[in-house]
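The values are calculated or read from the model by the stated rules, or taken from the named source; none is laboratory data. Computed from a predicted structure; not experimentally measured. Please note: Cβ atoms are built from the backbone with ideal geometry, for glycine as well, and neighbour counts cover all protein chains shown. Ligands, DNA and RNA are excluded from the accessible area calculation, which covers all protein heavy atoms including side chains. Shrake-Rupley method; radii C 1.70, N 1.55, O 1.52, S 1.80 Å.
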Amino acid sequence: MRYDDIIGLPHHRSKTHPSMPIADRAAQFAPFAALTGYGDAVEETARYTEEKLEPDADRLAELDERLCELLQRLHERPKARITYFLKDEKKAGGRYVTQSFVIKRADTYAKTLVTEEKIIPLQDIFWIEIE
């Protein structure tokens, strides 16, 4: 079988169907992902988040003292280094973040500490160091 009988024939072109564009022909051979998004889901599940720690009574008392001292110095616009829990937007848990802020005020009604950059719920504050 050497195909001698057809080797010299011209390439067939359909008279009823137009030729497929080159870009579409190339797409036929693109890799196929049967489980679209599976890799992202595995990566998200593997991403580590911490659980929020519940401070003991001694830590709460110390934190309360530091917060009172901070509130007494609000007229000075004090700077404080705050460690707080930042909830994760996609899954349970979150992470602890430590940042320095200039404190503007405390909102006792909303139970938040208002800084120049963000509003931090008092229940999420783990530690305060007044600078």
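Just a few scattered comments:
- Computed over protein heavy atoms with a 1.4 angstrom probe, the accessible surface ordering of 81, 59, largest first, is 81, 59.
- Förster radius 22 Å - calculated FRET efficiency between residue 111 and residue 79 (Cβ-Cβ, nearest 0.05): 0.50
- Helix 57-72 vs. the chain, principal-axis angle (Cα, 0 to 90°, nearest 10): 80
- Only protein heavy atoms count here; on that basis, with a 1.4 Å probe, residue 58 has an accessible area of about 120 Å².
- Electrostatic bookkeeping for residue 81 treats Lys and Arg as +1 and Asp and Glu as -1; over the other residues with beta carbon under 10 Å from its beta carbon, the sum is -1.
- Computed label-point distance, nm, for sites residue 65 and residue 98 using a 7 Å Cα→Cβ extension: 2.0
- With DNA, RNA and ligands ignored, accessible area of residue 102 (1.4 Å probe; Å², nearest 10): 40
- Neighbour cut-off at most 13 other Cβ (10 Å), DSSP loop, chymotrypsin sites (Phe, Trp or Tyr not before Pro), the stretch 1-47: 3, 29, 32
- Each helix, a run of at least 4 DSSP H residues, gives -39500 (n - 2.57); summed and divided by the residues of the chain, these come to -7000 deg cm²/dmol at 222 nm.
- Under Karplus coefficients 6.51, -1.76 and 1.60, residue-wise ³J(HN,Hα) of the stretch 20-31 in Hz, glycine/proline x: 6, x, 4, 4, 5, 5, 5, 5, 5, 9, 5, x
- The chain: relative contact order as a whole-number percent, Cα under 8 Å and 6+ apart: 21
- For the stretch 60-83 versus the stretch 29-57, the inter-centroid distance based on Cα atoms is 37 Å.
- 26 Å Cα cut-off, lysine pairs counted over the chain (separation 8 or more, or different chains): 19
- Per DSSP, loop GluC sites (Glu not before Pro) in the stretch 1-76 with at most 12 further Cβ within 10 Å: 51
- Calculated from the structure at hand, P(r) over Cα pairs in 10 Å bins from 0, in percent is found among (1) 10, 25, 17, 10, 8, 8, 8, 6, 6, 3, 0; (2) 13, 49, 34, 4; (3) 15, 40, 27, 14, 4, 0 as (1).
- The 1.4 Å probe gives accessible areas that order 124, 88, largest first, as 88, 124.
- Legend: residues 109, 48, 96, sorted from most to least accessible area (1.4 Å probe; ligands, DNA and RNA excluded), read 109, 48, 96.
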